[in-house]
Amino acid sequence: MRVQGGSMEPTILPGQIIFVDRWAFGAQTPFVNHYLLRWRGPQRNELVVFRNPIDGVLVVKRCIGLQGDPISVENNILTVGKRSIPVTPQEAKRFESYTSVPPGTIFALGDNVAVSEDSRVYGFIPVRHLLGEVILELPGDSVRR
């Protein structure tokens, strides 16, 4: 797939081509967010691909929080596991009632936190919605903006 936005810079640049292992987590049914058979879950810091829950566009983000990882919010700083991220007051409110990443979900974050729409906006991502893991990044015809 060709990456469109800059939310994963500097790891992945706009226009860069990535290869996604659609079998990384298991065998999925076509056109439905369901695994027939799962052999592993996502790992922390892994680059994962899923459909943006807002408009269905494919996105790539980094998995920074797994089910059970602690969550806290203080002074508009969200801490997921050992990672602290600035959030807006609305985003802080969304997560203040959580103490950990819920079962069956991950917290996904773009590497370019300043411009990324990610779990801070979408909320937790159900593992069943993950389409695969990024396994290869090609230079492509990346253009810096």
Among (1) crowded, with 16+ Cβ neighbours inside 10 Å; (2) in a loop (DSSP other than H, G, I, E, B); (3) within 16 Å of the chain's Cα centre (by Cα), there is one condition Y98 misses while meeting the rest; what is its number? (3)
Can you confirm whether segment 14-23 contains a residue that is touching a residue at least 24 places away in the same chain (Cβ under 8 Å), over 18 Å from V134 (Cα atoms), of a type outside the set (S, T, Y) and in contact with a Lys or Arg (Cβ under 9 Å, 6 or more places away or on another chain)? no
Mind listing whichever residues of segment 59-77 are under 20 Å from V127 (Cβ atoms) and either among the aliphatic types (A, V, I, L, M) or open to solvent by 70 Å² or more (accessible area, probe 1.4 Å) (or both)? V59, V60, I64, L66, Q67, P70, I71
Which numbered condition in (1) open to solvent by 40 Å² or more (accessible area, probe 1.4 Å); (2) at positive phi is the only one that K93 fails? (2)
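The values are calculated or read from the model by the stated rules, or taken from the named source; none is laboratory data. Note that this is a predicted model, so its numbers are computed, not measured. Cβ atoms come from the backbone with ideal geometry, glycine included; neighbour counts cover every protein chain shown. These area figures cover heavy atoms from the full protein model, side chains too; ligands, DNA and RNA do not enter into them. Shrake-Rupley method; radii C 1.70, N 1.55, O 1.52, S 1.80 Å.
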